[in-house]
Amino acid sequence: MMLLLVIVAGLGVVTLLVILFAPHIRKYAAGGVCQSTAVLDGKTVLITGANTGIGKETALDMAMRGARVIMACRDVEKGEEAAASIRAAYSKAQVEVRELDLADTCSIRAFAQSFLREVNQLHILINNAGVMMCPYTKTIDGFEMHIGVNHLGHFLLTYLLIGQLKRSAPARIVVVSSLAHNFGWIRFHDLHSQGSYNSGLAYCQSKLANVLFARELARRLKDTNVTVNSVHPGTVNSDLTRHSTLMTIFFTVFSMFLKTPREGAQTSIYCAVAEELHSISGKHFSDCAPAFVAPQGRSEETARRLWDVSCELLGIEWD
C-alpha cells in the first residue's frame, strides 16, 4: 500500500512539474528558427512529399517568400488539399501539385520529363519525402522500400534535374536526413535487407545514405554554384510514424517534447534560403546550425561506393 502511495505521489509531482514548466519545455523542444528574411520572387522551388508534415510547412514558407512552389506528391488528391490550405493561408501563393511516386522509377522519369518540358528554371530542390519503419515491402523496381524511396528515388530525381539546377545557378539542394543516421550502416552485402529485415535499422541505413549522398554530391558539384546540404529536422510529431504503433503511442504521450511540423521545417528552410550559406556545401545541419555527423557518415570511401552502387541499381551513369 505504501509503495502504491509513493508511486502515485511521484507521478503527481512529475505531472505538476510538467505543467509548471510546460512553456519552457515547449521552447526548448521547438529548437532553432530560421531568421532569414530572404525573398524568393522569381525563384522556383521543388519539394517532394509536400502534402503533409514538414514538407507542407516548407512549401507554405517558400510560397510566402514569393517562390513558385512545385509540390511533388505521390497522392495528388492529398497534395491538392494541402495546396488549397496553403492558398487559404496566403492568397498570393503560387503552388502547384504534380504527381511523383518515388517508389517507381518510371514515375520519377515521367515527372522529370514533364517538369523539364514545362518549367524552365529550378533554384531550390528539397528532397523531403520519406518512409519510416514500414513493414518489409519492395518498390516497383524491387528495392527495399526505405532505401528505395528515401535514397534511390531522390538520387534518381536529382540526377534527372541536375542540369536544370546548374543552368539556374546559384541553386541549392536540401536533403532531409535524420539523427537516425548515427545508428545506420550501409549493408552493401544486403542493401535490400533480403537476408534479414529490421524496419528501424532499414530506416537508419536510408538516412545514413542521405548524408553520404549529400556529401558526395557536394564534392562533385564543386565550382558549379550549386550547393547541397543535409538536415536533421528534429523529432517531429507527424504521421511519419504511422507504420509503428509503438512509436505512434510514444509520440502521442510525449508530444510536448516533440517539434510541430512547422518547427521541424525550420532547418530545411534555413538551408534553402539563408544568405550566409550561399557557398556552404556538403555539411549537415540541425536546429539551423551545423550538426554532428557520425563517423560512418564522413567516410569518403563509403560515399563513393554507395554512389557507384546507386548508379548501377538505377542503370545510370553519373560522373
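The values are calculated or read from the model by the stated rules, or taken from the named source; none is laboratory data. Treat the numbers as computed from the prediction; the structure is a model and nothing was measured. Every residue, glycine as well, gets a Cβ built from its backbone with ideal geometry; the counts of neighbours run over all protein chains shown. Just so you know, the surface numbers come from the protein's heavy atoms only, side chains and all, with ligands and any DNA or RNA stripped out. Shrake-Rupley method; radii C 1.70, N 1.55, O 1.52, S 1.80 Å.
Quick notes on this one:
- Subset of the range 240-275 (residues that are open to solvent by less than 60 Å² (accessible area, probe 1.4 Å), modelled with pLDDT under 60 and out of contact with any helix residue (DSSP H, G or I) (no Cβ under 8 Å at 6 or more places or on another chain)): Ser255
- Of residues in the range 174-206 being part of a helix (DSSP H, G or I) and open to solvent by less than 10 Å² (accessible area, probe 1.4 Å), the one nearest to Ser310 (Cα to Cα): Ser206
- Scanning the range 79-106 for residues that are open to solvent by 40 Å² or more (accessible area, probe 1.4 Å) and outside any loop (DSSP other than H, G, I, E, B) gives Glu80, Glu81, Ala84, Ser85, Arg87, Ala88, Ala89, Gln94, Glu96, Glu99, Cys106.
- Ser310 vs. criteria within 21 Å of His189 (Cβ to Cβ), in contact (Cβ under 8 Å) with a residue 60 or more places away in the chain and surrounded by 19 or more Cβ atoms within 10 Å (Cβ to Cβ): yes
- Helices (runs of 4 or more DSSP H) completely within the range 252-319 that count 3 or more residues being closer than 23 Å to Gly234 by Cα: 261-264, 266-273
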